[in-house]
Amino acid sequence: MNEETKKEKRTRKKGNIIFAFIIIVFCLMLGFFSLAGFFVPDREISENENRVLASMPELTVSGLLDGSFMKDFESYLTDQFPLRDEAIYLKSFFERLWGKHEENGVYIGENDFLFDKPSAFDSEKLKDVIKKINSFCKQNKKLKSVFTLVPNSTLIYRENLPEGLVPADQSVQINKVYGGLDKSIITVDAVSALLREKSYNEVFYKTDHHWTTRGAYSVFVEIADKLGLEVKADDFEFHTVSNDFEGTLKSKSTFARAKDSVEICLPKKSEGTYYIEISGTAEKYASCFFEQKLDEKNKYEVFLGGNYERLTVTTTIPEGRKLLVIKDSFANCLIPMLTPYFTKIVVLDPRYMTESVSEVLQEDDFTDLLFLYNANTFFSDTSLKEVL
């Protein structure tokens with residue numbers, strides 16, 4: 001009994017020493033940061049958090065009386081705290097030591113992986129969306145319709161998830177969606193393609209919710225097969241365009257320190273074979289890649305320059321097939337791979353559309369239709385149902 005009591009005392013003493021150490025370190029850092037505040041200039045933007053930081057508020061009598069000055073001043077002190085990013089990282093480090101593995105809807109995994117929290121799967125709500133898709137495809141039987149749902153990294157890299165976290169199996173959910181689609185709609189097994197490819201290349205970014213270009217290419221090969229396109233591996237080449245990409249998940253999580261590489265996939269001899277037009281602009285662009293985006297925070301926007309209501313690719317292929325793509329942002333890095341095979345590609349993002357897909361179809365003689373969505377977007381977004 002006495003021996004057990006001694007163990008408890010030693011454990012408690014050890015805990016008290018660790019706690020005292022943390023308090024001392026915190027006090028020293030607080031004093032240092034407060035002193036540093038006199039010498040460090042204010043910042044306008046936090047690159048890590050991807051937001052504008054509060055600036056020093058103007059001191060006015062009305063602001064003092066209604067309390068708005070003190071509220072704004074408190075925000076200013078919080079945002080302009082010296083070495084703010086380092087302090088936030090240290091806080092997250094200690095939180096993880098105590099077993100915290102989630103921050104702002106982001107799972108903090110092993111091997112520097114960050115994971116987007118999967119969207120809830122509401123089978124009843126999805127029945128209406130699937131019904132709309134089936135009805136639309138039946139009304140447009142002349143189109144060869146291919147449907148692709150891309151899983152999240154929580155499925156493909158589940159071995160890196162925090163210990164004890166077991167999210168719903170997205171492969172089961174995707175198969176339920178596929179099972180509800182009309183038999184005339186061709187489905188693509190993106191899950192198997194990504195699982196195969198991950199043995200050779202990273203197929204999802206560690207700091208962003210999107211798939212990598214290598215991941216997209218592995219599914220592109222499957223899509224091309226369903227569309228009846230002849231694809232040869234040596235028809236494409238990959239180029240790394242950035243090694244310091246910190247994506248959307250990194251902006252939500254203060255713990256991660258990893259950086260990703262961004263690659264583009266170029267169809268060989270594609271230069272000068274197409275141009276693109278973006279809704280809302282009169283300019284024509286000679287490439288699907290916007291290099292200036294590599295100097296900005298969201299480097300994934302190097303693909304197509306971002307998301308738009310409509311983007312049109314016109315190629316030099318005479319009197320060829322014409323493809324309509326209905327998509328979310330996951331399709332952006334895959335669209336350039338399709339350019340050697342179609343005379344025209346019209347890309348629609350229902351989240352930004354003000355017209356119906358049927359109205360767009362009437363504008364040209366389309367031959368093929370591709371739905372390409374990430375599972376998270378498809379399960380949670382209602383815009384697709386509204387435009388079909």
field: For the range 140-279, accessible area per residue (1.4 Å probe, heavy atoms of protein chains only), Å²
entry: 45
- prompt: Once the mean 1/r over all distinct Cα pairs of the range 312-388 is inverted, what Kirkwood radius in angstroms do you read off?
  reply: 13.0
- prompt: In whole Hz, what ³J(HN,Hα) sequence does the range 356-363 give by Karplus (6.51, -1.76, 1.60; θ = phi - 60°), x for Gly and Pro?
  reply: 8, 5, 4, 5, 5, 4, 5, 7
- line: For the range 136-270, inverting the pair-averaged 1/r of distinct alpha-carbon atoms gives a Kirkwood value in Å of 16.9
message: I'd like the Kirkwood hydrodynamic radius of the range 232-388, using the inverse of the mean 1/r over distinct C-alpha pairs, in Å.
response: 16.8
- prompt: For the range 306-377, with every protein chain kept in place, what is the accessible area per residue (1.4 Å probe, Å²)?
  reply: 30
task: Taking every Cα atom in the range 326-367, find the radius of gyration and the maximum pairwise distance Dmax, and write them in Å.
output: 11.3, 29
- line: Set K299/K344; K226/K269; K226/K259; K132/K206, cut-off 28 Å on Cα-Cα distance; pairs above it are K226/K259; K132/K206
- request: For the range 194-203, take each phi angle, set θ = phi - 60°, evaluate the Karplus expression 6.51 cos²θ - 1.76 cosθ + 1.60, and give the result in whole Hz per residue in order, putting x for glycine and proline.
  value: 5, 5, 5, 5, 5, 5, 10, 9, 6, 10
Ranked packing of 173-180, 206-213, most packed first, by mean Cβ within 10 Å: 206-213, 173-180
- request: Evaluate the Debye formula for the range 195-271 with equal point scatterers sitting on the alpha carbons, no solvent, and hand back log10 of I(q)/I(0) at q = 0.14, 0.25 Å⁻¹, in q order, two decimals.
  value: -0.54, -1.20
query: For labels at D66 and N175 in the simple 7 Å Cα→Cβ model, what's the distance in nm?
result: 6.0
- request: Starting from the residue with the highest accessible area, list D116, D235, D66 in decreasing order, probe 1.4 Å.
  value: D66, D235, D116
query: What ranking, highest mean first, results for peptides 183-192, 224-233 when packing means the other Cβ atoms within 10 Å averaged over each residue?
result: 183-192, 224-233
field: 11 Å reach of a label modelled at D364, 7 Å along Cα-to-Cβ, counting backbone N of the range 251-291
entry: 275-277
query: Can you tell me the Rg and the Dmax, both Å, for the Cα atoms in the range 119-183?
result: 14.9, 49
- line: Interchain or sequence-distant (5+) residues whose placed amide H lies within less than 5 Å of the amide H of E102 are I108
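The values are calculated or read from the model by the stated rules, or taken from the named source; none is laboratory data. Note that the coordinates shown come from a computational prediction; the quantities given were computed from them, not determined experimentally. Glycine gets a Cβ as well: all are built from the backbone with ideal geometry, and neighbour counts include every protein chain shown. Ligands, DNA and RNA are excluded from the accessible area calculation, which covers all protein heavy atoms including side chains. Shrake-Rupley method; radii C 1.70, N 1.55, O 1.52, S 1.80 Å.
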